[in-house]
Amino acid sequence: MNRYASSQFYLLLSAAAVALLASVVTRRPELAAAAAPLLALLVVGVAGHRWADVRVEVRPARTRVVEGDEFDLLVEVRASQAVPWLDLELVLPSSLRSRDGSSRAIVALPGGAGARVVHFPVEAVRWGVCSPEHLLVAARDRFGLFSRSWIVSIQGAVRIYPREAHLRGLVAPRRTGHSLGAHLATARGDGCEFADVRPFRPGDRPRAVNWRVTARRGERWVTERHPERSADLVLLLDAGTDIGEGDDTTLRRSIRAAMAMADGHVAVHDRVGLCSLGGTLRWLTPRLGQYQLYRVVDALLDSQEAARSGRGGSGVAGSLAALGPGGGLPVRGLAPGSAVVALTPLLDPRVVSVIADLRQRGFDTVVVEVSAEAVLPAPDSEASWLARRVWRLEREAVRRQLSAVGVPCVAWDDSRPLGAALDLVARRRSGRTVRT
(Lines give C-alpha, C1' and ligand atoms only; values in the text may rest on other atoms or scores of the structure.)
Protein backbone atom coordinates (compact mmCIF):
# COMPACT_ATOMS: atom_id res chain seq x y z
CA MET A 1 0.00 0.00 0.00
CA ASN A 2 1.37 3.41 -1.03
CA ARG A 3 0.53 6.48 1.04
CA TYR A 4 1.60 9.88 -0.18
CA ALA A 5 0.67 13.55 -0.38
CA SER A 6 -1.08 14.41 -3.61
CA SER A 7 0.06 16.89 -6.24
CA GLN A 8 -2.63 19.27 -4.98
CA PHE A 9 -0.97 19.32 -1.55
CA TYR A 10 2.38 20.31 -3.05
CA LEU A 11 0.72 22.86 -5.32
CA LEU A 12 -0.98 24.62 -2.39
CA LEU A 13 2.17 24.45 -0.30
CA SER A 14 4.26 25.90 -3.13
CA ALA A 15 1.75 28.70 -3.78
CA ALA A 16 1.68 29.64 -0.07
CA ALA A 17 5.49 29.60 0.15
CA VAL A 18 5.85 31.79 -2.94
CA ALA A 19 3.30 34.29 -1.58
CA LEU A 20 5.08 34.51 1.80
CA LEU A 21 8.49 34.87 0.16
CA ALA A 22 7.19 37.59 -2.15
CA SER A 23 5.67 39.38 0.86
CA VAL A 24 9.03 39.40 2.66
CA VAL A 25 11.01 40.49 -0.39
CA THR A 26 8.64 43.24 -1.52
CA ARG A 27 7.56 44.17 2.04
CA ARG A 28 3.92 44.01 1.06
CA PRO A 29 1.78 42.42 3.81
CA GLU A 30 -1.19 41.93 1.47
CA LEU A 31 0.70 39.10 -0.23
CA ALA A 32 1.00 37.31 3.13
CA ALA A 33 -2.73 37.81 3.59
CA ALA A 34 -3.26 36.08 0.22
CA ALA A 35 -1.26 33.08 1.45
CA ALA A 36 -3.30 32.80 4.68
CA PRO A 37 -6.28 30.87 3.15
CA LEU A 38 -3.91 28.40 1.49
CA LEU A 39 -2.09 27.78 4.75
CA ALA A 40 -5.38 27.47 6.62
CA LEU A 41 -6.58 24.86 4.13
CA LEU A 42 -3.36 22.91 4.55
CA VAL A 43 -3.53 23.07 8.35
CA VAL A 44 -7.16 22.02 8.49
CA GLY A 45 -6.55 19.22 6.00
CA VAL A 46 -3.48 17.88 7.83
CA ALA A 47 -5.08 18.17 11.27
CA GLY A 48 -8.32 16.51 10.27
CA HIS A 49 -6.88 13.78 8.09
CA ARG A 50 -7.27 10.20 9.27
CA TRP A 51 -6.67 7.15 7.11
CA ALA A 52 -9.87 5.10 6.89
CA ASP A 53 -9.74 1.34 7.14
CA VAL A 54 -11.07 0.31 3.71
CA ARG A 55 -11.87 -3.30 2.90
CA VAL A 56 -12.57 -4.33 -0.66
CA GLU A 57 -13.91 -7.69 -1.83
CA VAL A 58 -14.49 -8.70 -5.45
CA ARG A 59 -16.80 -11.55 -6.43
CA PRO A 60 -18.71 -12.51 -9.59
CA ALA A 61 -22.47 -12.38 -9.51
CA ARG A 62 -22.46 -15.77 -11.28
CA THR A 63 -19.70 -18.34 -11.11
CA ARG A 64 -20.93 -20.38 -14.10
CA VAL A 65 -21.75 -18.71 -17.40
CA VAL A 66 -21.83 -19.55 -21.10
CA GLU A 67 -19.84 -17.89 -23.86
CA GLY A 68 -21.53 -14.63 -24.81
CA ASP A 69 -23.39 -14.26 -21.49
CA GLU A 70 -23.37 -10.93 -19.69
CA PHE A 71 -23.02 -10.76 -15.92
CA ASP A 72 -21.78 -8.42 -13.20
CA LEU A 73 -18.58 -8.38 -11.21
CA LEU A 74 -19.46 -7.11 -7.76
CA VAL A 75 -17.02 -4.96 -5.79
CA GLU A 76 -18.10 -4.70 -2.15
CA VAL A 77 -16.45 -1.83 -0.25
CA ARG A 78 -16.52 -1.30 3.53
CA ALA A 79 -14.90 1.63 5.35
CA SER A 80 -14.52 2.49 9.03
CA GLN A 81 -15.23 6.17 8.27
CA ALA A 82 -16.27 8.37 5.39
CA VAL A 83 -14.16 8.23 2.23
CA PRO A 84 -15.01 11.18 -0.05
CA TRP A 85 -13.18 9.79 -3.09
CA LEU A 86 -12.59 6.15 -3.93
CA ASP A 87 -11.29 5.17 -7.37
CA LEU A 88 -11.84 1.52 -8.43
CA GLU A 89 -10.37 0.08 -11.62
CA LEU A 90 -10.67 -3.58 -12.63
CA VAL A 91 -7.98 -5.20 -14.78
CA LEU A 92 -9.78 -7.83 -16.88
CA PRO A 93 -8.28 -10.90 -18.59
CA SER A 94 -8.72 -11.58 -22.28
CA SER A 95 -11.62 -13.94 -21.53
CA LEU A 96 -13.75 -11.08 -20.19
CA ARG A 97 -14.72 -7.80 -21.80
CA SER A 98 -16.34 -4.74 -20.29
CA ARG A 99 -19.90 -4.42 -21.53
CA ASP A 100 -20.00 -0.61 -21.51
CA GLY A 101 -16.35 -0.10 -22.50
CA SER A 102 -15.22 1.06 -19.06
CA SER A 103 -13.88 -0.91 -16.11
CA ARG A 104 -13.42 2.06 -13.79
CA ALA A 105 -15.73 3.67 -11.21
CA ILE A 106 -15.38 6.57 -8.75
CA VAL A 107 -17.58 6.41 -5.66
CA ALA A 108 -17.94 8.13 -2.29
CA LEU A 109 -18.48 6.30 0.97
CA PRO A 110 -20.41 8.28 3.60
CA GLY A 111 -19.65 7.54 7.22
CA GLY A 112 -21.69 4.80 8.90
CA ALA A 113 -23.32 3.74 5.62
CA GLY A 114 -22.11 0.14 5.87
CA ALA A 115 -21.08 -1.74 2.76
CA ARG A 116 -21.52 -0.41 -0.75
CA VAL A 117 -21.62 -2.69 -3.79
CA VAL A 118 -20.38 -1.42 -7.16
CA HIS A 119 -21.47 -3.32 -10.28
CA PHE A 120 -19.12 -3.78 -13.22
CA PRO A 121 -21.00 -5.28 -16.22
CA VAL A 122 -18.82 -7.66 -18.24
CA GLU A 123 -19.25 -10.16 -21.06
CA ALA A 124 -17.74 -13.64 -21.36
CA VAL A 125 -15.99 -13.80 -24.73
CA ARG A 126 -13.99 -17.06 -24.51
CA TRP A 127 -14.58 -20.33 -22.68
CA GLY A 128 -12.32 -21.43 -19.84
CA VAL A 129 -11.70 -20.73 -16.15
CA CYS A 130 -10.85 -17.10 -15.54
CA SER A 131 -11.10 -14.28 -13.01
CA PRO A 132 -10.24 -10.56 -13.02
CA GLU A 133 -6.51 -10.22 -12.70
CA HIS A 134 -6.60 -7.60 -9.91
CA LEU A 135 -8.33 -4.44 -8.71
CA LEU A 136 -6.57 -1.07 -8.47
CA VAL A 137 -7.88 1.02 -5.56
CA ALA A 138 -7.05 4.67 -4.85
CA ALA A 139 -8.53 6.71 -1.97
CA ARG A 140 -8.36 10.48 -1.31
CA ASP A 141 -9.37 12.73 1.56
CA ARG A 142 -11.98 15.54 1.45
CA PHE A 143 -9.62 18.23 0.21
CA GLY A 144 -7.62 15.95 -2.09
CA LEU A 145 -4.42 16.54 -0.16
CA PHE A 146 -3.53 12.94 0.65
CA SER A 147 -3.87 9.76 -1.37
CA ARG A 148 -3.16 6.11 -0.95
CA SER A 149 -3.36 3.27 -3.46
CA TRP A 150 -3.11 -0.47 -3.31
CA ILE A 151 -3.82 -3.58 -5.38
CA VAL A 152 -6.45 -6.11 -4.39
CA SER A 153 -5.84 -9.66 -5.62
CA ILE A 154 -8.95 -11.55 -6.75
CA GLN A 155 -9.52 -15.20 -5.93
CA GLY A 156 -13.04 -15.80 -7.24
CA ALA A 157 -13.01 -17.79 -10.50
CA VAL A 158 -15.66 -17.85 -13.22
CA ARG A 159 -16.27 -20.95 -15.30
CA ILE A 160 -17.17 -20.05 -18.86
CA TYR A 161 -18.72 -22.95 -20.77
CA PRO A 162 -18.76 -23.16 -24.58
CA ARG A 163 -22.05 -21.97 -26.05
CA GLU A 164 -22.23 -24.94 -28.39
CA ALA A 165 -20.03 -27.67 -29.76
CA HIS A 166 -17.93 -25.96 -32.41
CA LEU A 167 -16.78 -29.39 -33.58
CA ARG A 168 -18.95 -32.29 -34.55
CA GLY A 169 -18.19 -35.96 -34.61
CA LEU A 170 -19.05 -39.28 -32.98
CA VAL A 171 -16.82 -42.29 -32.51
CA ALA A 172 -18.20 -45.46 -34.09
CA PRO A 173 -17.60 -48.12 -31.40
CA ARG A 174 -16.79 -51.71 -32.28
CA ARG A 175 -18.88 -53.04 -29.42
CA THR A 176 -22.14 -51.62 -28.13
CA GLY A 177 -24.19 -52.09 -24.99
CA HIS A 178 -27.68 -53.48 -24.54
CA SER A 179 -29.68 -50.28 -24.09
CA LEU A 180 -31.14 -48.21 -26.91
CA GLY A 181 -28.87 -45.69 -28.57
CA ALA A 182 -27.68 -44.31 -31.90
CA HIS A 183 -24.93 -46.80 -32.86
CA LEU A 184 -25.54 -49.78 -35.10
CA ALA A 185 -24.78 -53.02 -33.31
CA THR A 186 -22.99 -55.84 -35.09
CA ALA A 187 -25.62 -58.23 -33.75
CA ARG A 188 -28.97 -58.59 -35.47
CA GLY A 189 -32.35 -57.79 -34.02
CA ASP A 190 -35.03 -55.14 -34.06
CA GLY A 191 -33.83 -52.01 -35.77
CA CYS A 192 -34.01 -49.85 -38.86
CA GLU A 193 -30.74 -50.63 -40.68
CA PHE A 194 -30.90 -53.51 -43.15
CA ALA A 195 -28.53 -56.41 -42.42
CA ASP A 196 -29.52 -59.46 -44.50
CA VAL A 197 -32.35 -61.80 -45.50
CA ARG A 198 -32.72 -65.44 -44.50
CA PRO A 199 -35.30 -68.19 -44.67
CA PHE A 200 -38.20 -68.09 -42.25
CA ARG A 201 -37.76 -70.02 -39.01
CA PRO A 202 -40.37 -70.91 -36.42
CA GLY A 203 -40.70 -68.08 -33.94
CA ASP A 204 -40.04 -65.26 -36.41
CA ARG A 205 -42.55 -62.46 -36.29
CA PRO A 206 -44.83 -62.06 -39.31
CA ARG A 207 -43.97 -58.38 -39.73
CA ALA A 208 -40.33 -59.34 -40.42
CA VAL A 209 -41.34 -61.27 -43.57
CA ASN A 210 -39.82 -59.83 -46.74
CA TRP A 211 -42.68 -60.26 -49.17
CA ARG A 212 -40.69 -59.39 -52.30
CA VAL A 213 -38.10 -62.10 -51.68
CA THR A 214 -40.86 -64.47 -50.57
CA ALA A 215 -42.69 -63.96 -53.87
CA ARG A 216 -39.53 -64.66 -55.89
CA ARG A 217 -38.38 -67.69 -53.90
CA GLY A 218 -41.77 -69.28 -53.37
CA GLU A 219 -41.20 -69.64 -49.63
CA ARG A 220 -41.15 -67.23 -46.73
CA TRP A 221 -38.03 -65.18 -46.11
CA VAL A 222 -37.46 -62.62 -43.37
CA THR A 223 -35.39 -59.44 -43.16
CA GLU A 224 -32.73 -59.11 -40.50
CA ARG A 225 -31.74 -55.67 -39.22
CA HIS A 226 -29.06 -54.11 -37.06
CA PRO A 227 -30.46 -52.70 -33.81
CA GLU A 228 -29.41 -49.27 -32.50
CA ARG A 229 -27.61 -49.52 -29.22
CA SER A 230 -25.72 -47.23 -26.87
CA ALA A 231 -22.00 -47.38 -26.12
CA ASP A 232 -19.49 -46.47 -23.43
CA LEU A 233 -16.91 -43.80 -24.27
CA VAL A 234 -13.91 -42.71 -22.22
CA LEU A 235 -12.01 -39.57 -23.22
CA LEU A 236 -8.31 -39.88 -22.39
CA LEU A 237 -6.83 -36.36 -22.22
CA ASP A 238 -3.09 -35.75 -22.30
CA ALA A 239 -3.12 -32.67 -20.05
CA GLY A 240 0.56 -32.89 -19.19
CA THR A 241 1.77 -31.82 -22.65
CA ASP A 242 0.95 -28.36 -23.95
CA ILE A 243 2.59 -26.97 -27.08
CA GLY A 244 1.96 -23.48 -28.42
CA GLU A 245 1.55 -19.96 -27.11
CA GLY A 246 -1.40 -17.83 -26.09
CA ASP A 247 -4.86 -19.21 -26.73
CA ASP A 248 -3.90 -21.57 -29.53
CA THR A 249 -2.23 -24.57 -27.90
CA THR A 250 -2.51 -28.32 -28.29
CA LEU A 251 -4.12 -28.68 -24.86
CA ARG A 252 -6.78 -26.09 -25.62
CA ARG A 253 -7.56 -27.78 -28.93
CA SER A 254 -7.72 -31.17 -27.19
CA ILE A 255 -10.15 -29.82 -24.61
CA ARG A 256 -12.36 -28.32 -27.34
CA ALA A 257 -12.45 -31.66 -29.16
CA ALA A 258 -13.18 -33.53 -25.91
CA MET A 259 -16.06 -31.17 -25.09
CA ALA A 260 -17.53 -31.64 -28.56
CA MET A 261 -17.34 -35.43 -28.40
CA ALA A 262 -18.76 -35.53 -24.88
CA ASP A 263 -21.66 -33.31 -25.95
CA GLY A 264 -22.37 -35.39 -29.03
CA HIS A 265 -22.28 -38.77 -27.29
CA VAL A 266 -24.38 -37.63 -24.32
CA ALA A 267 -26.99 -36.37 -26.81
CA VAL A 268 -27.33 -39.90 -28.28
CA HIS A 269 -27.62 -41.51 -24.81
CA ASP A 270 -24.09 -42.89 -24.57
CA ARG A 271 -22.27 -43.21 -21.28
CA VAL A 272 -19.31 -40.84 -21.23
CA GLY A 273 -16.32 -40.82 -18.88
CA LEU A 274 -13.03 -38.96 -18.63
CA CYS A 275 -9.44 -39.72 -17.70
CA SER A 276 -7.11 -36.71 -17.56
CA LEU A 277 -3.38 -37.34 -17.27
CA GLY A 278 -1.43 -34.33 -16.05
CA GLY A 279 -0.22 -33.71 -12.51
CA THR A 280 -3.34 -34.95 -10.70
CA LEU A 281 -5.17 -37.94 -12.12
CA ARG A 282 -8.79 -37.10 -12.87
CA TRP A 283 -11.04 -40.08 -13.43
CA LEU A 284 -14.79 -39.98 -14.09
CA THR A 285 -16.61 -43.29 -14.48
CA PRO A 286 -18.85 -43.34 -17.58
CA ARG A 287 -22.43 -42.27 -16.84
CA LEU A 288 -25.49 -41.02 -18.66
CA GLY A 289 -27.18 -37.64 -18.80
CA GLN A 290 -26.57 -33.91 -18.88
CA TYR A 291 -25.27 -33.92 -15.31
CA GLN A 292 -22.42 -36.18 -16.41
CA LEU A 293 -21.72 -33.83 -19.33
CA TYR A 294 -21.25 -30.90 -16.95
CA ARG A 295 -19.04 -33.03 -14.72
CA VAL A 296 -16.84 -33.84 -17.72
CA VAL A 297 -16.71 -30.20 -18.84
CA ASP A 298 -15.83 -29.07 -15.30
CA ALA A 299 -12.99 -31.60 -15.15
CA LEU A 300 -11.72 -30.44 -18.56
CA LEU A 301 -11.76 -26.81 -17.44
CA ASP A 302 -9.92 -27.78 -14.26
CA SER A 303 -7.25 -29.49 -16.38
CA GLN A 304 -6.79 -26.36 -18.45
CA GLU A 305 -6.61 -24.12 -15.38
CA ALA A 306 -4.11 -26.43 -13.67
CA ALA A 307 -1.87 -26.40 -16.74
CA ARG A 308 -2.14 -22.61 -17.11
CA SER A 309 -1.41 -21.82 -13.48
CA GLY A 310 1.36 -24.40 -13.15
CA ARG A 311 -0.55 -26.50 -10.59
CA GLY A 312 -0.05 -29.55 -12.74
CA GLY A 313 2.99 -30.42 -10.68
CA SER A 314 5.15 -33.02 -12.33
CA GLY A 315 2.89 -33.37 -15.38
CA VAL A 316 2.06 -36.83 -16.62
CA ALA A 317 4.62 -38.36 -14.27
CA GLY A 318 2.50 -37.29 -11.30
CA SER A 319 -0.59 -38.94 -12.77
CA LEU A 320 1.26 -42.15 -13.54
CA ALA A 321 2.68 -42.20 -10.02
CA ALA A 322 -0.90 -42.03 -8.71
CA LEU A 323 -1.79 -45.14 -10.67
CA GLY A 324 0.29 -47.35 -8.44
CA PRO A 325 3.05 -49.85 -9.21
CA GLY A 326 1.19 -51.39 -12.13
CA GLY A 327 0.69 -48.09 -13.88
CA GLY A 328 -2.81 -49.13 -14.99
CA LEU A 329 -5.82 -46.89 -15.18
CA PRO A 330 -8.76 -47.53 -12.81
CA VAL A 331 -10.85 -49.27 -15.47
CA ARG A 332 -12.77 -51.49 -13.09
CA GLY A 333 -16.04 -49.69 -13.89
CA LEU A 334 -15.66 -50.03 -17.67
CA ALA A 335 -17.53 -52.60 -19.71
CA PRO A 336 -15.38 -54.91 -21.84
CA GLY A 337 -14.74 -53.43 -25.26
CA SER A 338 -15.56 -49.86 -24.24
CA ALA A 339 -14.31 -47.18 -26.61
CA VAL A 340 -11.36 -45.07 -25.43
CA VAL A 341 -10.45 -41.97 -27.44
CA ALA A 342 -7.04 -40.53 -26.59
CA LEU A 343 -6.50 -36.84 -27.37
CA THR A 344 -2.75 -36.26 -27.37
CA PRO A 345 0.04 -34.74 -29.48
CA LEU A 346 1.97 -38.06 -29.05
CA LEU A 347 4.99 -36.34 -27.55
CA ASP A 348 5.16 -38.13 -24.19
CA PRO A 349 6.23 -41.79 -24.37
CA ARG A 350 4.53 -42.49 -21.04
CA VAL A 351 1.15 -41.55 -22.49
CA VAL A 352 1.88 -43.79 -25.48
CA SER A 353 2.56 -46.69 -23.12
CA VAL A 354 -0.73 -46.08 -21.30
CA ILE A 355 -2.61 -46.14 -24.63
CA ALA A 356 -0.91 -49.40 -25.65
CA ASP A 357 -1.76 -50.90 -22.25
CA LEU A 358 -5.44 -50.05 -22.68
CA ARG A 359 -5.51 -51.75 -26.06
CA GLN A 360 -3.85 -54.86 -24.65
CA ARG A 361 -6.56 -55.01 -22.01
CA GLY A 362 -9.13 -55.34 -24.76
CA PHE A 363 -10.53 -51.82 -24.95
CA ASP A 364 -11.41 -50.29 -28.31
CA THR A 365 -8.73 -47.58 -28.30
CA VAL A 366 -8.42 -44.78 -30.85
CA VAL A 367 -5.86 -41.96 -30.93
CA VAL A 368 -6.77 -38.51 -32.20
CA GLU A 369 -3.38 -36.88 -32.63
CA VAL A 370 -3.74 -33.16 -32.01
CA SER A 371 -1.17 -31.75 -34.38
CA ALA A 372 1.58 -29.94 -32.49
CA GLU A 373 3.16 -28.77 -35.72
CA ALA A 374 0.07 -26.71 -36.54
CA VAL A 375 0.60 -24.43 -33.52
CA LEU A 376 4.35 -24.00 -33.99
CA PRO A 377 5.98 -21.36 -36.20
CA ALA A 378 7.44 -22.42 -39.52
CA PRO A 379 11.17 -23.32 -39.56
CA ASP A 380 13.29 -20.26 -40.29
CA SER A 381 16.63 -21.94 -40.94
CA GLU A 382 18.07 -25.10 -42.40
CA ALA A 383 18.95 -26.44 -38.95
CA SER A 384 15.41 -25.93 -37.64
CA TRP A 385 14.01 -27.49 -40.81
CA LEU A 386 16.16 -30.60 -40.29
CA ALA A 387 15.14 -30.76 -36.62
CA ARG A 388 11.48 -30.54 -37.64
CA ARG A 389 11.99 -33.37 -40.12
CA VAL A 390 13.59 -35.59 -37.45
CA TRP A 391 10.69 -34.77 -35.16
CA ARG A 392 8.21 -35.87 -37.83
CA LEU A 393 10.06 -39.16 -38.26
CA GLU A 394 9.95 -39.80 -34.51
CA ARG A 395 6.20 -39.23 -34.39
CA GLU A 396 5.72 -41.48 -37.42
CA ALA A 397 7.60 -44.20 -35.53
CA VAL A 398 5.22 -43.73 -32.58
CA ARG A 399 2.22 -44.06 -34.91
CA ARG A 400 3.62 -47.30 -36.33
CA GLN A 401 4.24 -48.59 -32.82
CA LEU A 402 0.60 -47.99 -31.88
CA SER A 403 -0.66 -49.39 -35.16
CA ALA A 404 1.29 -52.57 -34.49
CA VAL A 405 -0.75 -53.20 -31.32
CA GLY A 406 -4.04 -52.38 -33.06
CA VAL A 407 -4.50 -48.71 -32.15
CA PRO A 408 -5.51 -46.56 -35.15
CA CYS A 409 -4.12 -43.03 -35.16
CA VAL A 410 -5.55 -40.08 -37.05
CA ALA A 411 -4.06 -36.58 -37.13
CA TRP A 412 -6.37 -33.62 -36.57
CA ASP A 413 -6.06 -29.85 -36.50
CA ASP A 414 -8.45 -26.93 -36.94
CA SER A 415 -8.07 -27.00 -40.72
CA ARG A 416 -10.33 -30.06 -40.97
CA PRO A 417 -13.54 -31.02 -39.13
CA LEU A 418 -13.27 -33.40 -36.22
CA GLY A 419 -16.04 -35.53 -37.70
CA ALA A 420 -13.96 -36.09 -40.83
CA ALA A 421 -11.07 -37.38 -38.73
CA LEU A 422 -13.32 -39.79 -36.84
CA ASP A 423 -14.90 -40.99 -40.10
CA LEU A 424 -11.38 -41.72 -41.32
CA VAL A 425 -10.92 -44.06 -38.35
CA ALA A 426 -14.17 -45.86 -39.19
CA ARG A 427 -13.11 -46.33 -42.84
CA ARG A 428 -9.72 -47.68 -41.80
CA ARG A 429 -11.42 -50.21 -39.54
CA SER A 430 -13.73 -51.35 -42.33
CA GLY A 431 -10.70 -52.06 -44.52
CA ARG A 432 -11.57 -49.55 -47.23
CA THR A 433 -8.81 -47.69 -49.00
CA VAL A 434 -8.34 -44.26 -47.49
CA ARG A 435 -6.35 -41.41 -48.99
CA THR A 436 -5.04 -38.93 -46.44
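Some notes on this structure:
- Residue-level accessible surface for Glu219, protein heavy atoms, 1.4 Å, Å²: 100 Å²
- From phi via Karplus (6.51, -1.76, 1.60), per-residue ³J(HN,Hα) for the stretch 62-78 in Hz, x at Gly/Pro: 9, 8, 10, 9, 10, 3, x, 6, 10, 8, 10, 9, 9, 10, 9, 10, 10
- Extension gain, Arg216 to Val18: 0.36 nm times the residue separation minus the Cα-Cα distance gives 59.4 nm.
- In the stretch 211-290, the portion of solvent-accessible area held by carbon and sulfur atoms comes to 44 percent [1.4 Å probe, whole percent, DNA, RNA and ligands not counted].
- Spin-label pair Tyr291/Ser102, simplified geometry with 7 Å Cα→Cβ offset, distance in nm: 4.6 nm
- Compared with the direct C-alpha span, the chain from Arg78 to Ser403 gains 110.6 nm at full extension, assuming 0.36 nm per residue.
- Relative contact order %, the stretch 203-290, counting alpha carbon pairs below 8 Å whose residues are six or more apart: 26 percent
- Of Val354, Ala397, Val368, farthest towards positive along the dipole that unit charges on Lys, Arg, Asp, Glu beta carbons give the stretch 350-402: Val354
- Residues whose placed amide H lies under 5 Å from that of Arg282, excluding near-sequence neighbours: Ser276
- Between the stretch 377-413 and the stretch 235-311, the Cα center-to-center distance that results, in Å: 24 Å
- Accessible surface calculations at 1.4 Å, restricted to protein heavy atoms, place the stretch 62-121 at 50 Å² per residue.
- Derived scalar couplings ³J(HN,Hα) [the stretch 120-134; Karplus, 6.51 cos²θ - 1.76 cosθ + 1.60; whole Hz; x for Gly, Pro]: 10, x, 10, 10, 7, 10, 8, 5, x, 9, 8, 7, x, 5, 6
The values are calculated or read from the model by the stated rules, or taken from the named source; none is laboratory data. Everything numeric in this text was worked out from a predicted model, so none of it was measured. Glycine also receives a Cβ, built like all others from the backbone with ideal geometry; neighbour counts cover every protein chain displayed. Ligands, DNA and RNA are stripped out before the accessible areas are found, and what is left, the full protein with its side chains, is counted by its heavy atoms. Shrake-Rupley method; radii C 1.70, N 1.55, O 1.52, S 1.80 Å.
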